[in-house]
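Just below is one structure, and these are the notes that go with it.
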Amino acid sequence: MLRASSVALLLAGCAVPSIKQMSPSLGKSAVIETAASAEIVKIDERLNLLYFFPWKSAALTEGEHVLFFFCGPPIKAIRTYKFTAQPAHVYRLECKHVSFGPLRGENTRIVDVQTGADVGRILSASGDAVIESAPESVDYPLFKWRPTNNAGWYILRRDAYGISLLQAGENTDGLYAVNIGTMTLPEFGKRDDFLAFVGRQEPSALDPRRFQVLQDSVTYQVGQPGPCAMIHRKAIDDEPDTARDLPSSLANALGRKIGTVPPLIFESYGYVCRSRRDRRIAIVFFFSHQYYDGQQVGSLPERAQNAFNRLEL
């Protein structure tokens, strides 16, 4: 029923474009190809009248194009994307259902096969929620971060002040998270005052009413634009099935687990560094892991440090 109504709505907009179904090897035209789960319904003003035999590849002229497509099967999402085609490039339209932690939805991408870059810009969406892939570079006025491996990283939250990303872990209910944001800093007379302030004010501190804190330390991090503090937190979530909103941005990024037994362990390494561009601002960076007892990753400190080293302040 969804297909029939969609086709009916589009029939009035048919025109004759410079697009035809073809092999990706022909000429210098750009080519759009689809994964098995994606079905192109419309390219620019050309409706695919043979809708039940959808395009799997089509030649595109150089320049800007608009794609209207379904993700499935079954149909879970309808998306419209815009992108600019370059001659002799191949573009792959991908749909992937994402379901882990708090993420539920469809990850859709238009990928330049030659460069691996996402090139599509979403214009409209309906059906399942849009789940965005992590970009090659997270760029903000006061910081820039490149994911250590952007494949499998998805955006949970993004606003003018920062970003939260999630990646599925190696084990059941295991999650990795990266959170980057800012906080305001006063001037400090000595290092201990800075560390004490970070310990009190850092917004991701764990609520002792919910979390059984195993470790919570703040130490000075040498070799960074000073001052800079490192935070290590490890705790047991005593109420994983609660309906209460999680009290911290970091725990929020890792998601609430409903009916989880045994309790989950939450561990994070954070870095709070004064910005080089504005001394009144600190950049707050956290790399975190959620896991069951016995499934911890021994390389977590190294992973966190490696991720932090890719942050440009």
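Read the figures in this text as sums done on the coordinates, not as results from a lab. None of these values were measured; they are calculated from a predicted model. When we count neighbours, we look across all protein chains shown, and the Cβ atoms used for this are built from the backbone with ideal geometry, even at glycine.
Observations
- Taking Cβ atoms as reference points and 11 Å as the exclusive limit, the residues near Ser137 contribute a net charge of 0, counting Lys and Arg as +1 and Asp and Glu as -1.
- Net charge over other residues, Cβ less than 14 angstrom from the Cβ of Val113 (K, R count +1; D, E count -1): -2
- Once Rg and the Kirkwood radius are both taken over the C-alpha atoms of the range 134-217, their ratio Rg/Rh works out to 1.03.
- Environment charge of Arg146, counting only residues whose C-beta is closer than 11 Å and scoring Lys/Arg +1, Asp/Glu -1: -1
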